[in-house]
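**Student:** Before I ask anything, let me first share the structure, which is written out below as C-alpha cells.
The values are calculated or read from the model by the stated rules, or taken from the named source; none is laboratory data. Only a predicted model underlies this, so the values are computations on that prediction, with no experimental measurement involved. Using ideal geometry, Cβ is built from the backbone for each residue, glycine included, and neighbour counts are taken over all protein chains shown.
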Amino acid sequence: MRLLLLVLLPLAAAFGQGRVNPVAPLPPVLTPWEITPTTGDNDPFPAYKVIGNIYYVGTQEYASFLITSPEGHILINPDFEDSVDLIKAGVEKLGFQFRDIKVILISHAHGDHAAGVAKMKEMTGAQFMVMDGDVTATEHPPAGRTPYPAAKISRVLHDLDEVKLGGNTLVAHLTPGHTKGNTTWTLKVDDGGRMLDVVIIGSAGVNSAITLVNNPAYPDMVEDYQKTFKVLKALPCDVFLASHGKFYGMKAKYARLGQGANPFVDPTGYQAHLRLMEQAFYYKLDWAKRQ
C-alpha cells in the first residue's frame, strides 16, 4: 500500500511532554529519501578519507566504512554480494590491502548491508561479529525479496560489547526496531590531536508502517524503537555517519571536503536526523493504529 504522505510536518509538542502519539490523527510523515527514492544506490562511489583513520569505501548510497590500523582493519557493512568487488577496489585505491581486513561488522541483518558478508569472509579470512538479536537472520537469512548467503559468525555481540583491533575500540550499541539486532557503532578518532566522538547509526527508520502493530514476528517493535531513540539521544556525537549515505548527507559533505572545516563533524546534523526519524516513527505508528 502506497501511503499518501505529508512532508516534514512541524514536530508535535507532544514529543516533549511524554505523549506517545500526536493528538490529532495525521498521515505518516515520510523522510525526504522516501518521498524521492534514489536510483543507482549500488553504483560505484569514490573511496575517500572521512576523518582520522576512518575511510568511506561504500557505493553511491550503501555506506561501508574501513577503520584502519597497522595490525589490520575493521570493515563495517559489506553491503550486497556485488558490492564487495567495488569495496575491494576502493580499499586498494586508498593504498590498503583488502586481505588486511581482520574483522567484519554490520549495522543490521538486511541484505543491503549483510548480503556480502560470506563473500568478504571468503576473500579475506576475516572474523565476522554480529549483535545477538540478528544472529538468526544472519545465519539463516529469510527467503524474502533479496535472499542472500548465510555467513558463519565468529563472535556474538551483546549491548555495549567492545571490538578492539590495533588501538581502535568500537562499541556496539543495541538500537533495535529496524531489526532486532540493529547496531549503532561508536568510536573515538584522533583528528590532528583532537579526540572526536564518532557515531555510525544502524538505522532508526521504519520500512513499513503496518509492521508496527499486531506483528507476531516482532511484538516488541514499538518499545524497541522507543528505546533506540533514547539511546541515540544520549550518545555524544561529533562525527555523524550512518548505514546509508542519504541519512547523513554524505554526497553533499563529500563535495565540501578540503574546503575548510571537515563537514562530517556535524553534531547539529546528528540531532536533526534523530528529530526527523522520531517524528516519522510516531506519525507512522499513529497511521498504523488507525488502519
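**Student:** Restricting to the stretch 49-76, name every residue that is farther than 15 Å from L170 by Cβ, in contact with a Leu (Cβ under 9 Å, 6 or more places away or on another chain) and among the acidic types (D, E).
**Tutor:** Matches in the stretch 49-76: none.
**Student:** Examine the stretch 192-199 for a residue that is touching a residue at least 40 places away in the same chain (Cβ under 8 Å) and touching a Cys at 6+ places or on another chain (Cβ under 7 Å), and state whether such a residue exists.
**Tutor:** Here is the first cut: in the stretch 192-199, the residues touching a residue at least 40 places away in the same chain (Cβ under 8 Å) are 196-199.
Filter once more, so that each one left must be touching a Cys at 6+ places or on another chain (Cβ under 7 Å): 197, 199.
Yes, some residue in the stretch 192-199 is touching a residue at least 40 places away in the same chain (Cβ under 8 Å) and touching a Cys at 6+ places or on another chain (Cβ under 7 Å).
**Student:** Hey, can you tell me all the residues within the stretch 252-262 that are surrounded by fewer than 19 Cβ atoms within 10 Å (Cβ to Cβ) and either of a type in the set (V, I, T) or not in a helix (DSSP H, G or I) (or both)?
**Tutor:** Selection gives L257, G258, Q259, G260, A261.
**Student:** Follow-up question, since we're still on this one. For the stretch 78-133, enumerate the residues that are in contact with a Gly (Cβ under 8 Å, 6 or more places away or on another chain), in a strand (DSSP E or B), within 22 Å of N53 (Cα to Cα) and touching a residue at least 40 places away in the same chain (Cβ under 8 Å).
**Tutor:** K102, V103
**Student:** Related question: Is it the case that D190 is at pLDDT 95 or above, of a type in the set (D, E), more than 14 Å from the chain's Cα centre (by Cα) and closer than 20 Å to I106 by Cα?
**Tutor:** Values: at pLDDT 95 or above: yes; of a type in the set (D, E): yes; more than 14 Å from the chain's Cα centre (by Cα): yes; closer than 20 Å to I106 by Cα: no.
So D190 fails the test.
**Student:** Is there a residue in the stretch 217-240 that is in contact (Cβ under 8 Å) with a residue 40 or more places away in the chain and either touching a Lys or Arg at 6+ places or on another chain (Cβ under 6 Å) or closer than 18 Å to E61 by Cβ (or both)?
**Tutor:** Yes; the residues of the stretch 217-240 include at least one that is in contact (Cβ under 8 Å) with a residue 40 or more places away in the chain and either touching a Lys or Arg at 6+ places or on another chain (Cβ under 6 Å) or closer than 18 Å to E61 by Cβ (or both).
**Student:** Something else now. Kindly indicate whether any position in the stretch 275-287 is closer than 19 Å to A137 by Cβ, outside any loop (DSSP other than H, G, I, E, B) and touching a Phe, Trp or Tyr at 6+ places or on another chain (Cβ under 9 Å).
**Tutor:** Here is the first cut: in the stretch 275-287, the ones closer than 19 Å to A137 by Cβ are none.
Looking for residues that are closer than 19 Å to A137 by Cβ, outside any loop (DSSP other than H, G, I, E, B) and touching a Phe, Trp or Tyr at 6+ places or on another chain (Cβ under 9 Å), one finds none in the stretch 275-287, hence no.
**Student:** If you take the residues in the stretch 57-67 that are without any contact (Cβ under 8 Å) to a residue 60 or more places away in the chain and not small (G, A, S), which one is surrounded by the most Cβ atoms within 10 Å (Cβ to Cβ)?
**Tutor:** Just the residues of the stretch 57-67 that are without any contact (Cβ under 8 Å) to a residue 60 or more places away in the chain, to begin with: 57, 59, 64, 66.
From the residues that got through so far, the ones that are not small (G, A, S) too are 57, 59, 66.
Values: V57: 31, T59: 23, L66: 25.
Going through the qualifying residues, I end up with V57.
**Student:** While we're looking at this one, here's another question. Could you look through the stretch 200-229, keep only residues that are under 16 Å from the mean Cα position of the chain (by Cα) and within 14 Å of D286 (Cβ to Cβ), and pick out the one that is modelled with the lowest pLDDT?
**Tutor:** Going through the qualifying residues, I end up with V206.
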